[in-house]
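I have placed the structure first, in the form of C-alpha cells, so that the comments after it can refer back to it.
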Amino acid sequence: KRGSGMKQLETAYWAEIDAFRQAKAGQDAAAAWHHLERAHILSQQVLRLHLHAHAVMLTFALSRRDWREARGQVLRLMLAP
C-alpha cells in the first residue's frame, strides 16, 4: 500500500513539473513558479525529488536573472540532504 501512495505522489510531482514547463514555454512566470512551489511541497518526502525540485527552481531563477532566488536555492540544495 505504501508503494501505491509513493507512486501517486511521484505522478502528482511530475504532473506539476510538466505544468511548470508548459507555463514557462508560455512565458507565464507566475504560473511557472506556482507549479514549482506545488512540486516542491509534493517532493518533501522523497529526497531525490526534493533535490530535483530545488535544482529546477535554481535553473529557472538563473534563467530569469533572479539572483536573490538563485542564492536561496543554492543554499537549499546544500541543506536539503
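Taking Cα centre as origin and charging only the Cβ of basic (Lys, Arg, +1) and acidic (Asp, Glu, -1) residues, the dipole magnitude of the chain rounds to 220 debye. Here the sum of -39500 (n - 2.57) over DSSP H runs of 4 or more residues, divided by the residues of the chain, equals -28500 deg cm²/dmol at 222 nm, to the nearest 500.
Just to confirm the number: angle between the C-alpha axis of helix 2-25 and the first principal axis of the chain, 0 to 90 degrees, nearest 10? The angle comes out at about 20 degrees.
Computed from Cα positions, the angle between helix 29-43 and the longest principal axis of the chain comes to roughly 30 degrees. Along the range 52-62 the Karplus relation, 6.51 cos²θ - 1.76 cosθ + 1.60 evaluated at θ = phi - 60°, assigns HN-Hα couplings of 4, 4, 5, 5, 5, 4, 4, 4, 5, 4, 4 Hz to successive residues, with x for each Gly and Pro. On the principal axes of its alpha carbon atoms, the chain extends 43, 30, 12 Å, with the longest extent given first.
Where a number appears in this text, it was derived from the coordinates with a stated rule and is not lab data. The model shown is predicted, which means the values in this text are computed figures rather than measured ones. Methodologically, a virtual Cβ is constructed for each residue, glycine included, from the backbone with ideal geometry; neighbour enumeration extends over all protein chains shown.
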